[in-house]
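Following: one structure in structure tokens, then a few remarks.
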2 protein chains.
Amino acid sequence: MNIPIEYTTGPRIKEVIITPIAIVDPPLLNAAGLHAPYALRTIVEVITDDNITGISEIPGNIAINEALEAAGKLIIGKDPFQLNQIKKILEKNFGKEDMSKRGLTPWDQRKLVHIFSSIEVACLDIIGKIINRPVVDLLGGKLRDRVPFAAYLFYKPEGAGGELEFNTDRNATGWPKARQETATDPQQMVQQAIAMCKEFGFKSIKLKGGVYEPQVEVDTMLALHKEFGPDVPLRIDPNGIWEVGTAIKVGQMLHGIIEYLEDPVRGQENMAIVKRELNIPLATNMCTTSFEDIPNSIKLHSEDIILSDHHFWGGLQSSMKLAAICETFGRDLSMHSNSHLGISLAAMVHLGAALPNLRYALDTHYPWQSDEVIMGGRIKFEDGSVEVPKGPGLGVELDRNALGLLHKNYLHCGLTKRDDETEMQKIEKEWKFQAVRW
Amino acid sequence: MNIPIEYTTGPRIKEVIITPIAIVDPPLLNAAGLHAPYALRTIVEVITDDNITGISEIPGNIAINEALEAAGKLIIGKDPFQLNQIKKILEKNFGKEDMSKRGLTPWDQRKLVHIFSSIEVACLDIIGKIINRPVVDLLGGKLRDRVPFAAYLFYKPEGAGGELEFNTDRNATGWPKARQETATDPQQMVQQAIAMCKEFGFKSIKLKGGVYEPQVEVDTMLALHKEFGPDVPLRIDPNGIWEVGTAIKVGQMLHGIIEYLEDPVRGQENMAIVKRELNIPLATNMCTTSFEDIPNSIKLHSEDIILSDHHFWGGLQSSMKLAAICETFGRDLSMHSNSHLGISLAAMVHLGAALPNLRYALDTHYPWQSDEVIMGGRIKFEDGSVEVPKGPGLGVELDRNALGLLHKNYLHCGLTKRDDETEMQKIEKEWKFQAVRW
């Protein structure tokens with residue numbers, strides 16, 4: 001392919017800065033184990049030769065960061081508008097992504113999609129700043145002023161994660177207190193939900209399941225339904241840890257109670273079997289996680305809702321293309337989340353505001369975090385939703401003091417990748433990750 | 001849906017001007033009859049309150065123009081960046097498009113896709129002018145500096161169409177002369193191809209078939225192959241007029257000679273049958289012509305190449321989404337054309353330059369036209385390709401004098417829609433359109 005080299009004027013990328021950070025994370029239980037006291041994120045700054053800085057945030061992982069360092073060098077001198085070209089260059093240099101690298105964990109371990117997402121979002125931030133428009137306007141413009149999110153409940157032992165040295169803007173009342181409380185049975189989960197909905201105003205509730213034997217989690221869902229009634233949509237996500245028979249049984253018990261069942265089983269084939277047996281929409285962020293997975297998803301009808309994640313799908317424009325595919329094939333699109341800060345949240349909100357159809361509140365771990373890396377501190381939720389930042393660009397700016405402190409956290413904490421199994425073994429020595437457990 | 005009303009600053013649309021024009025068109029034969037002496041186009045100007053004008057061009061049709069007048073009123077006061085919102089407003093007001101309105105003819109008669117295409121392209125032209133970037137940069141940026149087109153051969157009786165009063169920039173040598181010549185047998189078609197390739201430098205050749213009995217058209221293809229050899233890719237498009245058995249027979253005779261067979265039969269089911277029997281890629285702009293057609297196309301594998309047309313697929317951004325669908329499902333994308341001028345050509349070139357994969361030269365009727373409505377006159381082809389206009393916006397501007405003359409043509413010629421059957425009956429009284437003939 002002959003890539004045109006010099007054909008437009010305008011600023012060029014002169015530098016890409018990658019800063020790994022560690023943010024305080026509570027001990028949240030999930031099918032893969034336990035969240036460590038710190039979650040890792042990587043902050044990416046793309047700087048043009050006229051000193052416009054675009055920023056982005058992706059999950060932190062040393063292997064991805066190293067690849068990202070190499071990728072950054074490849075785009076020096078490029079025009080940030082030329083995202084098609086930048087994508088081709090990265091694809092050419094990194095080769096075809098091995099989709100098996102997605103891994104069995106709830107988080108995604110592929111390199112190229114993360115690299116391209118981080119560079120694309122930062123470039124869109126730059127473009128927005130150049131043209132004085134919010135990122136949502138680079139995605140066709142805003143269809144809603146606020147984007148709704150769901151409460152995200154986690155079973156958890158006592159504790160609040162790493163040292164809370166930077167959480168000076170959080171007092172000990174309301175959610176931050178509840179955030180430290182033990183939550184291992186249905187009634188404690190109801191209390192967690194009440195506290196979270198009170199502080200953030202969420203109108204939908206998701207339970208991260210796959211932690212206890214299925215009956216405990218069903219009882220939790222029934223308790224939530226009893227407490228919140230039929231007007232609060234509920235969902236449960238066991239991260240594919242159930243057998244097909246278990247998933248069908250759980251689905252039957254939760255019929256009429258939940259708006260969708262997320263990743264009850266592993267693999268598109270198994271999802272399709274469960275789907276045929278249940279009259280409940282299925283959602284996924286584990287069995288259909290790339291464009292390469294789409295043809296088989298359509299063939300099998302493995303899910304009704306794809307929970308996109310712009311960090312895993314190669315950016316915001318790719319996510320809009322995924323939305324077009326979903327619309328074309330009668331599927332819904334909503335969003336997946338990992339522990340994250342305000343840069344990722346802002347990107348999710350810009351994307352969420354541009355999606356032509358948005359029937360489900362998005363996932364976010366944001367309430368579980370207390371750190372922030374953007375100026376002005378933590379982004380506010382009202383009535384469970386976040387207002388689209390008014391821009392230009394993402395509409396959020398790096399707080400360099402916070403970035404420095406959170407990078408120091410990274411260096412001190414010694415973590416280089418997410419490993420929930422090792423963390424779980426600290427409280428339960430014999431615990432082993434199992435792809436399918438019940 | 002609550003559409004946000006006022007949330008960004010920047011110019012608003014204050015006026016939409018719709019000007020029907022008639023352009024000289026030669027008597028080109030096709031499965032639906034004969035081109036009239038004038039082809040109809042509609043020029044759309046969208047003007048902002050700070051007097052930035054965006055332009056676009058769509059096929060001319062009085063019913064579409066009337067709907068477009070109504071659509072224009074609905075977008076007064078809107079921000080041209082808010083294309084998602086504009087699309088929702090138009091969809092809401094015009095209701096769900098009846099896909100059967102596509103019709104049996106080679107041209108598309110649906111309203112909403114044309115309306116949205118015309119407004120979207122004009123808004124992208126405005127946006128490009130505001131941010132001082134070519135339209136291709138609003139589609140992710142340029143992957144190639146020039147976009148290749150194919151020679152488009154037509155059987156034709158003698159004559160050059162309507163009065164050539166505006167063709168002052170064309171002399172009587174080369175293609176303009178050949179353009180008037182009779183071409184009804186294989187050797188005349190070879191001469192037409194030689195003249196066209198000589199003047200425009202085309203490297204691929206397409207024959208508009210469906211005019212004569214299939215053996216004549218096969219003989220034409222064989223004569224072209226003999227003349228141009230294996231390095232010039234050939235294609236034939238009978239606009240779905242063949243029976244399945246005929247298509248298979250023709251395909252077998254042309255195996256090894258053509259790069260693809262375009263719309264040999266009608267309907268996705270029949271296309272899929274032909275595909276199973278032939279080892280030749282199939283292309284379409286007649287059986288899969290909307291996003292609504294895609295799921296069944298994927299299910300049946302009715303074609304390998306979708307010949308998009310941004311006028312029929314709702315604009316340039318929609319076409320990029322179609323490209324993403326094609327890439328996801330391992331299909332190719334190329335482009336269809338009708339008789340058109342330089343505004344449509346510029347839009348096609350911007351889109352063609354942004355497409356991630358472009359294996360086939362695009363269709364264009366442009367060499368058959370001699371009028372132009374843009375400043376600077378006719379767009380130049382070199383080596384069969386057109387350079388991407390450097391912008392801002394589409395990079396072409398209306399020639400108001402030419403627009404006035406071509407609008408006068410429209411008023412004088414008395415045509416209000418394309419009707420190749422009526423035109424054909426002027427030279428062959430008993431001729432009737434048949435959806436399937438051989």
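Nothing in this text is a laboratory measurement; each read-out follows from the coordinates by a stated rule. For clarity, every value in this text was computed on a predicted model and none was experimentally measured. Cβ atoms come from the backbone with ideal geometry, glycine included; neighbour counts cover every protein chain shown.
Think of the axis that spins chain B onto A; the B residue whose C-beta lies nearest it, and the distance in whole Å, is B:Ile131, 2. Scoring A:49-56, A:10-17 by mean Cβ neighbours within 10 Å over their residues and listing the highest first yields A:49-56, A:10-17.
In this assembly of identical copies, the label point of A:Glu91 (Cα plus 7 Å along Cα-to-Cβ) is separated from its counterparts by 2.7 nm, sorted shortest first.
Would you mind getting me the FRET efficiency between A:Gln215 and A:Arg276? Use the beta-carbon distance for r and R0 = 22 Å, nearest 0.05.
Numbers: r = 24 Å, r/R0 = 1.08.
The calculated FRET efficiency here is 0.40.
3J(HN,Hα) couplings calculated from phi for the stretch B:82-98 with the Karplus curve 6.51 cos²θ - 1.76 cosθ + 1.60 (θ = phi - 60°) are, in sequence order, 8, 6, 4, 5, 4, 4, 4, 4, 5, 4, 5, 7, 9, x, 5, 5, 7 Hz; Gly and Pro show x. The modelled label-to-label distance for the pair A:Arg359/A:Asn51, using points 7 Å beyond Cα in the direction of Cβ, is 5.0 nm. Simple spin-label estimate for A:Ile17 and B:Glu428 gives 7.3 nm between the two label positions (7 Å along the Cα-to-Cβ direction from each Cα).
Only lysines eight or more places from B:Lys129 in sequence, or on another chain, were considered; those with a Cα closer than 18 Å are A:Lys129, B:Lys14, B:Lys78, B:Lys142, B:Lys390. Placing +1 on each Lys and Arg Cβ and -1 on each Asp and Glu Cβ, with no other charges, gives chain A a dipole about its Cα centre of roughly 580 debye. Look at the stretch A:323-333: the mean tally of other chain Cβ atoms within 10 Å of its residues' Cβ atoms is 3.
Using only helices, what value at 222 nm comes out for chain A when you add -39,500 (n - 2.57) per DSSP H run of length 4 or more and divide by the total residues, to the nearest 500 deg cm²/dmol? Could you put the intermediate results ahead of the total?
On the way: 13 runs with 155 residues, N = 438.
So the calculated ellipticity at 222 nm is -11000 deg cm²/dmol.
Distances from B:Pro295 to the same position in the other copies: list them in nm, one decimal, shortest first, using label points 7 Å from Cα along Cα→Cβ. Sorted ascending, the copy-to-copy spacings read 2.0 nm. Report the relative contact order of chain B, percent, no decimals, based on alpha-carbon pairs under 8 angstrom and at least 6 residues apart. Normalised by residue count, the contact order of chain B is 23 percent. Taking the Cα centre of each part, how many Å lie between the stretch B:34-71 and the stretch B:101-161? When both Cα centres are located, 13 Å separates them. Cα centroid separation, the stretch B:368-438 to the stretch A:328-404: 48 Å. With the convex hull drawn over the C-alpha atoms of the stretch A:1-154, the volume per residue is 145 Å³.
What is the Cα convex hull volume of the stretch B:379-438 when expressed per residue in Å³?
211
Can you compute the label reach from B:Gln191? Point 7 Å from Cα along the Cβ direction, backbone N cut-off under 20 Å, restricted to the stretch B:218-236. Output list for this probe position: B:218-229. In this rough spin-label picture, where each label sits 7 Å from Cα along the Cβ direction, the B:His301-B:Glu327 distance is 2.3 nm. Counting Cβ atoms of other protein chains within 10 Å of each residue's Cβ and taking the mean over peptide A:294-301 gives 2.
How many times 2.2 N^0.38 Å is the alpha carbon radius of gyration of chain B?
0.94
Set the Förster radius R0 to 41 Å, insert the Cβ-Cβ distance between A:Glu397 and A:Lys226 as r into 1/(1 + (r/R0)^6), and round the FRET efficiency to 0.05. Calculated value: 0.40.
The stretch between B:Thr182 and B:Lys380, if pulled fully straight at 0.36 nm per residue, gains 68.8 nm over its current Cα-Cα span. In order along the stretch B:307-313, the phi-based Karplus estimate (6.51 cos²θ - 1.76 cosθ + 1.60, θ = phi - 60°) of 3J(HN,Hα) comes to 8, 6, 8, 5, 5, 9, 9 Hz; Gly and Pro are listed as x.
Sorted shortest first, the distances from the A:Gly256 label point to those of the same residue in the other copies are 6.9 nm; each point sits 7 Å from Cα along Cα-to-Cβ.
Label point 7 Å out from B:Glu158 along Cα-to-Cβ: which residues of the stretch B:175-219 have amide N under 11 Å? Taking a point 7 Å out along Cα→Cβ of B:Glu158, the residues of the stretch B:175-219 whose backbone N falls under 11 Å are B:181-182.
Residues whose amide H falls under 5 Å from that of B:Gly393, counting only those 5 or more places apart or on a different chain, are B:Gly128, B:Lys129, B:Arg133, B:Val135, with hydrogens built in the peptide plane.
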